[in-house]
Amino acid sequence: LASVPSKVAGAQTMEVVTDYKDAASYNNFYEFGTDKSDPARNAHTLKTRPWTVEVEGLVNKPGKFGIEDLLKLSAQEERIYRLRCVEGWSMVIPWIGYSLSELIKKVEPQGSAKYVEFLTLADPKTMPFVGSRVLDWPYAEGLRMDEAMHPLTLLSFGMYGEVLPNQNGAPVRLVVPWKYGFKSAKSIVKIRFVEKEPGTAWNKAAANEYGFYSNVNPEVDHPRWSQATERRIGEPGGLFAKRRKTLMFNGYEPQVGQLYAGMDLKKFY
Amino acid sequence: MNKFLLHKAGKPVVFIACLLPFAWLVWGAFTDGLGANPAEYLLRATGDWTLRFLCIVLAVTPLRVMTGTPAMARYRRMLGLYVYFYVCLHFLAYAWFDMGLDFDAIVKDIPKRPFILVGFAAFVLLTPLAATSFNRAIKALGARRWQWLHRLVYVTAGLGLLHFFWMRAGKNNFGEVFVYAAIIGALLAWRLWRALASRQRTRTMPAAPASRVQPGK
């Protein structure tokens, strides 16, 4: 998948990129199983063509976008982002895509649209674990409008120079690098503009553990573990490599800090 | 079966068999065979093996009685000590890989999270059991007191299950938790049923002579 290096501020971390093997084999994608090795084993059944993304709700130009049209909607950029999972591990991944704002501008949101909701595929025929009671399917995520419009918020189609492997959310996914990984919905089929904060899959499953915002924050612990540090996957030293200190907003504070000025992040976790 | 269990090679064979999971984890750790996150893998695997050995050791007495193979009792101590071996590894994995052997951080972390606290309590409660597992300790304590002390294993089993349940609770992923709970539940229920049955027997016994008196009336 051809791309050019992105010029968006913060989109080119100089940190060592995680091995492709790890990024494509250690995944949370519960539609294909709850073990992190399950998606790589099971996701071959996902059919990524034909694929349409329906945009609806409070916009002047709703519509259905075929994946081929989406791929051409804006120039594909390569962005090297840190990825911090809520479970306490992290990677550095070269994604390919463009700012979600490019698509949002095209559909012309109305003034009343305050949030964007993302719904992902829930097809029991190709996704063996849709139907398990772990989560409410389809997997739903959401962003506040200003978060969705932020240039770092990426609509991604590829990684490591290639189209996305199925287990990484093919054919189109979100990447929001300052939030825990689960905020970045995979295999998106619907984008809806709404007035009220939408319910999200993990918030519905365990509201005290996963908030709507879920910004990476070393000072707000998960009820069952600390978020102060993280294990970088593939770090030299392996098992005995020291954990890294987790950075506020996953190190993207200069770019996104102002979105949350004045908010109590312990309350809006 | 008894013959096999009484064979002098029996104990060494079981001893080595119980070490296999550990050997396999060590092998994996040194050959990059534990996936992208080996620390997490070791932490979970040692926890799983602690629960498995707990199930195995709790199964010894029911199996011994039901199959009429008293020789099984020879293995109970070793299996119990393996529960402690794997729980020590589990705690070490947590202290080392998750907490970087930072003593202060561990002391702060344990009371902070109920799920860690419960697991730690189970680990602590197993310690006196492991420490009094040799013959001299049994003599020193007296068999009755020793047995009462070692009933702590039932509490530990409950705490271990709760620890596992809480770990999986955030993801509503209870399949495996229920399997372990069902096994441990059945093994404890068998003991309860047997205790009640034997109490009933001792209660009905004095009545027996009285009934024998009946015909003379």
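The values are calculated or read from the model by the stated rules, or taken from the named source; none is laboratory data. Nothing here was measured: the structure is a model prediction, and the numbers come from that model. Cβ sites come from the backbone with ideal geometry, for glycine too, and all protein chains shown count toward neighbours. The accessibility values were calculated without ligands, DNA or RNA, using every heavy atom of the protein model including side chains. Shrake-Rupley method; radii C 1.70, N 1.55, O 1.52, S 1.80 Å.
With springs only between Cα atoms under 10 Å apart, run a GNM on chain A and tell me which of A:78, A:253, A:117 wobbles the most.
With Cα springs under 10 Å in chain A, the top fluctuation among A:78, A:253, A:117 is at A:253.
Roughly how many Å² of residue A:1 are accessible to a 1.4 Å probe, to the nearest 10?
70 Å²
Would you list which aspartates and glutamates come within 13 Å of residue A:114, measuring only between C-alpha atoms, while excluding same-chain residues fewer than 8 positions from it?
Once the sequence-local aspartates and glutamates are set aside, what remains near residue A:114 is A:146, A:147, A:195, A:197.
Which order do B:201, B:77, A:79 take by accessible area at a 1.4 Å probe, largest first?
Ranking B:201, B:77, A:79 by accessible area, largest first, yields B:201, B:77, A:79.
What is the distance in Å between the Cα centres of segment B:46-65 and segment B:87-165?
Answer, in whole Å: 16.
So for A:104, B:116, what's the accessible-area order with a 1.4 Å probe, most first?
Ranked list, largest accessible area first: B:116, A:104.
Counting only heavy atoms of protein chains, what accessible area per residue, in Å², does segment B:58-203 have with a probe of 1.4 Å?
Per residue, segment B:58-203 has an accessible area of 57 Å².
Looking at the square roots a ≥ b ≥ c of the eigenvalues of the Cα gyration tensor of the protein assembly as shown, which shape do they give, rounded for a/c under 1.5, prolate if a/b is larger than b/c, or oblate? Please report the intermediate quantities before stating the final value.
Details: a/c = 2.56, a/b = 2.19, b/c = 1.17.
Verdict is prolate for the protein assembly as shown.
Taking the Cα centre as origin and putting +1 on Lys and Arg beta-carbons and -1 on Asp and Glu beta-carbons, what dipole magnitude results for the protein assembly as shown, to the nearest 20 debye?
3500 debye
Give the long-range amide H neighbours of residue A:83: residues separated by 5 or more places, or on another chain, with amide H under 5 Å away, using H modelled in the peptide plane at 1.01 Å from N.
Excluding prolines and chain starts, which carry no amide H, the hits are A:91, A:92, A:93.
Taking a temperature of 4 °C and a viscosity of 1.567 mPa s, what whole-number D in µm²/s does Stokes-Einstein yield for chain B with Rh from Kirkwood over alpha carbon pairs?
For these conditions, the coefficient is 65 µm²/s.
Arrange the peptides B:154-166, B:57-69 so that the one whose residues have, on average, the most other Cβ atoms within 10 Å appears first. Provide the component values of the computation, followed by the final result.
Working: B:154-166: 19.5, B:57-69: 15.9.
Going by the mean number of other Cβ atoms within 10 Å, highest first, we get B:154-166, B:57-69.
What does the net charge come to around residue A:36 if you take all other residues with beta carbon closer than 10 Å to its beta carbon, with K and R at +1 and D and E at -1?
Net of charged neighbours comes to -4.
Give the ranking of A:56, A:147 by solvent-accessible surface, highest area first, calculated with a 1.4 Å probe.
A:56, A:147
Taking a 28 Å limit on the Cα-Cα distance, which of the listed pairs A:61/A:125; A:21/B:171; A:105/A:186; A:7/A:179; A:7/A:186; A:266/B:108 fall beyond it?
From A:61/A:125; A:21/B:171; A:105/A:186; A:7/A:179; A:7/A:186; A:266/B:108, over 28 Å: A:61/A:125.
What does the helix-only formula give at 222 nm for the protein assembly as shown: each DSSP H stretch with n ≥ 4 adding -39500 (n - 2.57), the total divided by the residues, and the result rounded to the nearest 500 deg cm²/dmol?
Counting only the DSSP helices, I get -13000 deg cm²/dmol.
Using Cα centres only, tell me the gap between segment A:135-164 and segment A:172-239 in whole Å.
So the separation of the two Cα centres works out to 11 Å.
Nearest 10 degrees is fine. How inclined is helix B:38-67 to the longest principal axis of chain B, computing both from alpha carbons?
10 degrees
Please give every one of the aspartates and glutamates within straight-line cross-link reach of residue A:245, meaning a C-alpha to C-alpha distance under 17 Å, and leave out same-chain neighbours fewer than 8 residues apart.
A:15, A:87, A:219, A:221, A:230, A:235, A:253, B:98, B:102, B:104, B:109
Cross-link partners among lysines for residue B:139, C-alpha distance below 27 Å, same-chain residues fewer than 8 apart left out?
Candidates past the 8-residue exclusion: B:8, B:11.
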